[in-house]
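The values are calculated or read from the model by the stated rules, or taken from the named source; none is laboratory data. Everything numeric in this text was worked out from a predicted model, so none of it was measured. Counting neighbours? That spans all protein chains shown, and the Cβs are built from the backbone with ideal geometry, glycine included. Keep in mind that these areas ignore ligands, DNA and RNA; they rest on the heavy atoms of the full protein, side chains included. Shrake-Rupley method; radii C 1.70, N 1.55, O 1.52, S 1.80 Å.
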Amino acid sequence: MRPRTKALVAAGSGIAVGLAGLALTTLPAGADDDPVLPAIEPEALVESALAAEPQAFSGEAEVSNELGLPALPGTEDLDFESARVFHDGQESARVQVEKPTSEVTFVKNPDEAWAYDSQERTAEHLTWDDADAAAARKHAEAQLADPARAAAQIIEQLRPTSEITVDGTARVAGRAAYELVLTPKPTEKTLLREVTVAIDEQTRMPLAFDVYANGRSEPVLSLGFVELDLGAQDPALFDFTPPQGTKVETTDVGDAAGHRAGKDSAGKDGAADHMTEQGRTTVGDGWDTVVIAELPTDLPKMPGGMSDGASGDLPGAFAGGDQDLTGALEQIGQPVSGEFGTGTHVQIAVGGAIVTDDGRVAAGAVPQQVLVDALDQQ
């Protein structure tokens, strides 16, 4: 992933990331008859899913994204339909994201991580030493579209602020699964209605989940396995050598963490709950989490002018002419202000984002005032 796009990718995906620090993932259950499985209590199912042994596997995942994100620079990285996922059951993983004109490959092993874009012929290389291994794993895993790991983290982070039930069974990628449902408690301010997670009956590996918004019958975001094969994987899958001619940018996790810590220490009273490994600040927890990221200073020019209907769910795309980000936001958003200063609020399908005039983005599946409050804490 190109460094200049990271902040906008983080902010653009923040409507999903705002739930738990990762993009949400899910998969439709399919047309097979629902399996008959032994009854299980919701908390027992959650505990078993979180305690499940990691599995070695290969699989294909598909995504459907109806979040309504505008076509801002960087959010093209959210636009993919399928991915191949490989895991060795320990620390190594590989994800190959198919796009119409290219493939983006993420590879992580115990010693390093790579993100390679075949169209741009660029690669980000992440390195670390033993002292930084934990931070490195978190940073690298945040870029992997692995439905199993993402779903497990979503369960863990939404659990304290959710009502949890088991609502029947499903068959996902040919495997029998329980349907776990997480519903926000009445005190939560989120615009989401529920998240349903399919958990494998045999391995307790999360296979898929759907994200539903208030007032919508269909999921607004779904990604998960359509094919899944358990078993040992070829170790060569988890080594990566960039093709000749690739422009490589290498980052040491320790150096990056020190840079982030220096910036964070200059913040306002330490108000943010924590800084993620990709440099994002999160405020709040559970369903009401807001992600705040700095915009890159070298954003490219982008096409101006939204097509018809570019409000509400923002289905249009920028077209015709050239203008900067501020001009585009004025067409699709509304001015907003607070103790943080001034900016523009952009409404999307399941929440919104505020782009501040001083170069930050706050996003989450929450009403506008929650975003303002989060920025005011910085």
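If ALA213 satisfies all but one of (1) over 30 Å from GLN378 (Cα atoms); (2) at pLDDT 85 or above, what's the number of the condition it fails?
So the condition that ALA213 fails would be (1).
So, in the stretch 112-148, of the ones that are under 19 Å from the mean Cα position of the chain (by Cα) and among the acidic types (Asp, Glu), which residue ends up modelled with the lowest pLDDT?
Among them, the one singled out is GLU141.
From LYS263, LYS247, which residue is modelled with pLDDT under 50 and farther than 30 Å from ALA198 by Cβ?
Being modelled with pLDDT under 50 and farther than 30 Å from ALA198 by Cβ holds for just one of LYS263, LYS247, which is LYS263.
Cβ-Cβ below 9 Å, separation at least six or inter-chain, first residue in the stretch 83-101 and on the phi < 0 side of the Ramachandran plot and of a type in the set (Phe, Trp, Tyr), second in a strand (DSSP E or B) and open to solvent by less than 10 Å² (accessible area, probe 1.4 Å): which pairs?
Qualifying pairs under 9 Å: PHE86/PHE57; PHE86/GLY59; PHE86/ALA93; PHE86/VAL95.
Report yes if GLY351 is open to solvent by less than 10 Å² (accessible area, probe 1.4 Å), at pLDDT below 90 and over 30 Å from ILE154 (Cβ atoms), otherwise no.
no
For residues that are open to solvent by less than 50 Å² (accessible area, probe 1.4 Å) and in a helix (DSSP H, G or I), scanning just the stretch 149-166, find the one that is modelled with the lowest pLDDT.
Ranking the qualifying residues of the stretch 149-166, first place goes to ALA150.
Which residues, taken from the stretch 354-372, are open to solvent by 30 Å² or more (accessible area, probe 1.4 Å) and in contact (Cβ under 8 Å) with a residue 12 or more places away in the chain?
ASP357, ASP358, ARG360, PRO367, GLN368
Condition first: among the hydrophobic types (A, V, I, L, M, F, W, C), touching an Asp or Glu at 6+ places or on another chain (Cβ under 7 Å) and assigned to a strand (DSSP E or B). Now tell me which residues in the stretch 167-194 satisfy that.
ALA170, ALA176, ALA177, VAL181, LEU182 - these are the residues of the stretch 167-194 that are among the hydrophobic types (A, V, I, L, M, F, W, C), touching an Asp or Glu at 6+ places or on another chain (Cβ under 7 Å) and assigned to a strand (DSSP E or B).
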